[in-house]
Structure formats: C-alpha cells, structure tokens
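> Handing you a structure now.
Read-outs throughout are calculated quantities, based only on the coordinates presented, and are distinct from any laboratory measurement. Given the structure is predicted, the values throughout are model-derived calculations rather than measurements. Note that we place each Cβ from the backbone using ideal geometry, even for glycine, and neighbour counts take in every protein chain shown.
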Amino acid sequence: MTRHPRSRRRLRPLTALAVAATGLLGLAACTGGQQGATELDEDADVTIEFWTGQTDEAHQLLADLAAEFEEEHPNVTIDVSEGASSTEELLQKLSAGFASSNYPDMSYSFGSWASQLESSKRTLDITERTEDPDLAWDEFSEAARATVRPSGEKTIGFPALVDNISLIYNKTVFDAAGVEYPTEDWEWEDFREAAAALTDPTTDTYGYAYSVSGSEETTWQFWPHLWQRGGEILSEDGTKAAFASDAGVEALEFLRGMAVDDGSVYLDQTDTRFAQLFAADRIGMMTSGPWQLYDLNTAGTQYGVTVLPGTDGDHQTVSGPDIWALFDHQDANREYWVTEFAAWLTAAEQDERWNVAYGNLPLRTSELESEAFQEQVAALPGLDIMAANGENAVKARPTVPGYVGLSESIANAIAEVLQGRGEPKDALEEAAAEADEALAD
C-alpha cells in the first residue's frame with residue numbers, strides 16, 4: 001500500500017492561474033497548426049506526446065504503463081513527460097502551447113479546466129468512441145462522465161481520477177459520548193443530533209467541523225446539501241447562479257443552526273486543522289474523502305466510514321473528477337492512437353496498476369471486487385465504502401470559467417453565516433449577484 005498522493009487542495013485548483021489562462025485559451029483557438037495524415041493508417045509509425053501531470057512514483061507508474069503499450073504496438077512511440085513542474089502549472093503550459101502549436105496529444109487535467117480546454121478548439125471529440133460497448137463507458141461514475149463532456153456536446157477525453165465526500169466518524173469520540181455510530185440510513189437531522197451529543201466544551205471536543213476559510217473547501221462541502229434538497233448551482237442555461245433558492249437557504253440555515261445555535265461545529269479557518277483534530281480524537285465527524293485515510297491509519301485513529309446523511313433518502317455527494325484531456329493535431333494516425341492509448345490506460349486491468357496501486361479510488365465499478373483493490377481496502381479500511389459511494393456522485397460541479405468567482409462568492413457567504421455574521425437568505429442573494437458578474441465576464 002502506498003500513500004495517497006493527493007491533498008484536497010490539489011484536487012480543486014481554483015486559483016488566479018486558472019483565471020489568467022482563460023484569455024490564453026481564447027487566443028489559442030485562433031492559431032492554426034500543420035496538417036498531418038488525412039487518412040488513417042494503423043500500421044504507420046506514429047509518435048504521441050503524453051503529459052502525466054505527476055511526479056516521482058506516480059509519474060513512473062504511468063511511464064511504465066506507456067512503455068508496456070509501446071511493446072504491444074511497436075509502431076507507436078509515446079513521448080512521456082511530466083509536462084510541468086506541478087499539476088497546477090499544466091493549464092498555463094497548455095495555453096502557451098496552443099498559441100505556438102506545440103502541445104501534447106494527451107495531458108492530465110483538473111476537471112475544473114474542462115470547459116476552458118474545450119473552448120480552445122484544440123480538443124478531440126471522442127463521443128463516437130464512447131458508444132463502443134467494449135469500452136464500457138457506463139462503468140465510470142456519472143460525475144466523471146459529465147466532467148469530460150463540459151458543454152454536453154463533445155467528449156474531450158477520459159476520466160483520470162475520481163473521488164467523493166463521505167462521512168468519516170471517530171469511534172473513540174462516539175464511544176466516550178455513548179452515541180451510536182452513523183449508518184447509511186442517517187438523515188441530516190440524525191447527524192445534527194449526534195453532533196450536539198458529541199460536543200463537550202469542557203474538553204474542546206466538537207461533533208463536526210466545517211471550513212470557513214472562504215475557499216473551495218467551504219463551497220464544495222455545501223453542494224450535497226443543496227442538491228439533496230432539489231437545488232442547483234446554475235440556471236439551466238448556465239449563465240446565472242441558482243443557489244440562492246429556497247433549497248439553498250434551507251441548506252445554509254441547517255448548517256447555521258448547527259454552528260451558531262448548537263455550537264457543535266469546529267469552524268476551521270485553515271482547511272487543515274480539522275483533520276488533525278479529528279485524528280487526535282477532538283472531533284467526532286468530518287465529511288471528507290479517501291485522501292484522509294492514510295493519515296488516519298498512520299495516526300492510529302479509530303474511525304469508520306459511511307455515506308453522507310441524506311434528505312428524504314437522497315444521499316447525493318459531490319465528486320471532483322480529473323481527466324485525461326485529448327488534443328487534436330489534425331493527424332488521423334495520432335488521433336487514433338492517442339484515443340486507443342487512453343482507452344487502454346483507463347481499462348480496469350491498467351487502472352488497477354495505476355489508481356488502485358497508488359491509493360486512489362478505482363475509476364470503474366468493475367474494479368471494486370478486484371484483488372488489487374481489496375488489498376488496498378485491507379490497508380485503508382473504508383476505502384471500499386468511499387468507492388461504492390461513487391454511485392451517489394450523480395452531478396458534476398460546473399466547469400464554466402466563471403465558477404471560480406462563483407465559488408469565492410458563495411464560500412465567503414457561507415463563512416460569514418456560520419460565524420454568526422449574516423442571515424442565510426440575504427447572504428446567498430448577495431453572493432448570487434456577485435456570482436452572476438463572474439459568470440458574465
């Protein structure tokens with residue numbers, strides 16, 4: 001078993017870099033490239049460039065798999081590199097490459113970049129390939145499939161990594177308070193009652209924790225509450241914020257009640273302190289993902305995992321899928337072989353030697369019973385529950401460029417309300433107005 005490679009911050013890059021790259025991507029669409037093979041010749045020698053977006057062990061695992069594909073297909077050469085010094089820098093590197101017609105055939109990309117990549121006019125459309133029954137496209141989660149189809153018109157690549165938020169509970173804290181462990185049938189009111197019972201001011205123990213940093217950590221923890229109540233992030237045409245609805249107000253009022261009225265929520269300004277306190281038996285529950293399990297096991301924390309509490313039986317969660325973006329070089333041979341390589345890399349047999357071997361959740365539902373994944377589950381208890389919870393990841397966060405500003409607006413509103421400095425309805429309406437400006441830019 002290897003350490004889970006990714007922190008939560010890496011999974012949700014909503015930085016100035018993403019905003020700055022938007023203009024570059026728009027300019028790139030105007031730049032032409034050289035014409036390659038116009039007719040497919042599967043036996044012709046071809047070189048494809050692959051940016052892994054990884055470092056160290058993760059990069060080497062992918063490089064080894066690429067070498068194996070080359071052995072099976074002697075006419076194919078895969079030029080493998082990390083692409084940039086960090087995954088976060090890949091978008092800027094891609095943008096510059098689009099402008100100079102010097103970009104890869106395939107690159108790891110954060111899911112939040114998908115709309116920007118599609119708008120560059122440099123991506124391939126593999127929708128027809130996804131309809132091949134042998135590809136078993138439906139084995140990927142709904143959120144993952146939606147992320148690689150950002151506009152709903154084109155499929156710009158393959159899922160590369162999936163995750164989701166589940167409920168992790170501290171057995172030591174529950175046992176000390178005499179509270180029964182959470183079950184998969186819990187509703188949010190059960191959760192609230194338990195959090196209040198677990199809270200003990202004399203020992204600075206809290207029932208739950210929530211980020212008030214104003215970051216995407218603050219935002220994406222809110223989306224399951226909104227979705228479960230029937231709310232949406234955006235209007236149907238994607239041009240306006242829709243979260244300041246009755247469902248949004250009800251969701252934020254629920255969290256405000258826990259934080260302000262009950263005093264059962266540790267409000268984390270850092271996005272990192274709450275996990276440390278949980279591991280130290282000072283917080284009873286956190287809603288988080290597989291990236292936490294290695295540290296909890298290392299700390300010897302006695303924990304359990306289940307799905308998120310639900311609303312009327314709806315246990316919907318949020319996922320942050322990343323993708324293998326595929327790019328068009330006006331060359332039929334490169335297009336064919338990069339698609340074949342991506343399909344091969346994301347097949348169950350190879351994914352077990354990449355995502356599963358590295359401590360990520362498996363991409364495909366068919367991997368859940370595999371020996372490789374069961375070995376990881378033995379090392380990281382609860383990983384199987386998080387993997388199965390992918391079925392509850394039925395919606396994807398928007399990938400529109402304006403989501404960065406939208407996220408900042410609602411995150412600040414949530415943070416203010418949970419700290420007792422605003423009313424849910426007013427705060428969300430103000431945030432929606434700010435979000436609309438970001439979406440219009």
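> Between region 253-328 and region 348-389, how many Å separate their Cα centres?
Here the two parts' Cα centres lie 20 Å apart.
> Over every pair of different alpha-carbon atoms in the chain, take the mean of 1/r and invert it; report that Kirkwood radius in Å.
The answer is 22.6 Å.
> Classify region 345-406 from the C-alpha gyration tensor, please: rounded if a/c falls under 1.5, else prolate or oblate depending on whether a/b exceeds b/c.
Note, shape of region 345-406 comes out prolate.
> Shape of region 50-140 from its Cα gyration tensor (a ≥ b ≥ c, root eigenvalues): rounded if a/c is under 1.5, otherwise prolate when a/b > b/c, or oblate?
oblate
> Shifting gears a bit: Restricting the count to DSSP beta bridges whose residues both fall in the chain, what percent are antiparallel, rounded to a multiple of 5?
60 percent
> Taking the alpha-carbon distance from Lys425 and a cut-off under 29 Å, which lysines remain once sequence neighbours fewer than 8 residues away in the same chain are dropped?
Lys240, Lys395
> Moving on to the next point. In nm, what is the difference between 0.36 nm times the number of residues separating Gln374 and Asp132 and their Cα-Cα distance?
That pair, Gln374 and Asp132, stretches by 84.2 nm at full extension.
> Subtract the Cα-Cα distance of Trp344 and Thr298 from 0.36 nm times their separation in residues, and report this length gain in nm to one decimal. Present the calculation step by step, with values, prior to reporting the outcome.
Numbers: separation 46, 0.36 × 46 = 16.56 nm, distance 3.40 nm.
That pair, Trp344 and Thr298, stretches by 13.2 nm at full extension.
> Let me ask something else. Distance from the Cα centre of region 127-161 to that of region 105-120, in angstrom?
14 Å
> Let me ask something else. Would you mind ranking Arg256, Arg273, Arg397 by Cβ crowding within 10 Å, fewest neighbours first?
Arg273, Arg256, Arg397
> Moving to a separate point now. Based on other C-beta atoms within 10 Å, arrange Thr311, Thr172 from fewest to most.
On the way: Thr311 21, Thr172 15.
Least to most surrounded, the residues fall as Thr172, Thr311.
> Rounded to the nearest 0.05, what FRET efficiency do Glu142 and Glu253 have when you use their Cβ-Cβ distance and R0 = 35 Å?
0.80
> Can you sort Val179, Val318, Val260 from fewest to most other Cβ atoms within 10 Å of each residue's own Cβ?
Starting with the residue having the fewest Cβ neighbours, the order is Val260, Val179, Val318.
> Would you mind putting 132-138, 405-411 in packing order, based on average other-beta-carbon counts within 10 Å, highest first? Each step should come with its number before you reach the end.
Working: 132-138: 12.4, 405-411: 24.4.
Descending packing order for the listed peptides: 405-411, 132-138.
> At a Cα cut-off below 27 Å, give the lysines reachable from Lys93, other chains included and same-chain residues fewer than 8 away excluded.
Hits, sequence-local ones excluded: Lys121, Lys154.
> Does region 226-318 come out rounded, prolate or oblate by the C-alpha gyration tensor, with a ≥ b ≥ c the root eigenvalues, rounded set by a/c under 1.5 and, if not, prolate when a/b is larger than b/c and oblate if not?
Judged from the Cα gyration tensor, region 226-318 comes out prolate (a/c at least 1.5, a/b above b/c).
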